[in-house]
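Worksheet: the structure to be examined is printed underneath.
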Amino acid sequence: MVSDIEFNRLFWHSRRGMLELDVLLVPFLKEAFRDLPEDDQARYVKLLECEDQDMFSWFMQKGVPEDPDLARIVKIILDRVQPE
């Protein structure tokens with residue numbers, strides 16, 4: 001379980017300054033993050049350490065992360081906004 005302080009820190013790290021990322025990451029954090037299993041929460045934290053340009057490419061589906069953990073969390077976020 002993530003503390004309120006840690007959640008607030010994640011909120012500020014989710015605000016990337018690139019609108020395309022902000023509209024994905026901030027709502028995901030607010031609406032879905034706390035319901036994720038701890039492993040997926042850790043994957044989200046790992047995702048926030050990535051470069052904005054890499055994340056942009058992954059979320060625009062122009063590439064896939066080589067790291068399977070990152071690929072999983074990117075898919076979770078994309079599935080949430082683009083349900084099949």
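Of the residues Asp67, Asp79, which single one is farther than 24 Å from Ile5 by Cα, surrounded by 14 or more Cβ atoms within 10 Å (Cβ to Cβ) and of a type in the set (Asp, Glu)?
Checking each option against the conditions leaves just Asp67.
Does segment 8-33 hold any residues that are aromatic (Phe, Trp, Tyr) and in contact (Cβ under 8 Å) with a residue 24 or more places away in the chain, and which are they?
Phe28, Phe33
Within segment 14-25, how many residues turn out to be surrounded by 15 or more Cβ atoms within 10 Å (Cβ to Cβ), of a type outside the set (Gly, Ala, Ser) and in a helix (DSSP H, G or I)?
Summing the residues that are surrounded by 15 or more Cβ atoms within 10 Å (Cβ to Cβ), of a type outside the set (Gly, Ala, Ser) and in a helix (DSSP H, G or I) in segment 14-25 gives 3.
Given the options Lys62, Lys30, Lys46, name the one that is loosely packed, with under 12 Cβ neighbours inside 10 Å, at pLDDT 95 or above and not aromatic (Phe, Trp, Tyr).
Being loosely packed, with under 12 Cβ neighbours inside 10 Å, at pLDDT 95 or above and not aromatic (Phe, Trp, Tyr) holds for just one of Lys62, Lys30, Lys46, which is Lys62.
In segment 33-43, how many residues are within 15 Å of Asp4 (Cα to Cα) and either of a type in the set (D, E, K, R) or surrounded by fewer than 11 Cβ atoms within 10 Å (Cβ to Cβ) (or both)?
The total comes to 2.
Of all residues in segment 49-59, count the ones that are open to solvent by less than 30 Å² (accessible area, probe 1.4 Å) and assigned to a helix (DSSP H, G or I).
Residues that pass the stated criteria total 2.
The values are calculated or read from the model by the stated rules, or taken from the named source; none is laboratory data. This structure is a prediction, so every number in the text was calculated from the model and none was measured. Heads up, the Cβs are rebuilt from the backbone with ideal geometry, glycines too, and the neighbour counts pull from every protein chain shown. Accessible surface is based on the protein model in full, side chains and every heavy atom, while ligands, DNA and RNA are left aside. Shrake-Rupley method; radii C 1.70, N 1.55, O 1.52, S 1.80 Å.
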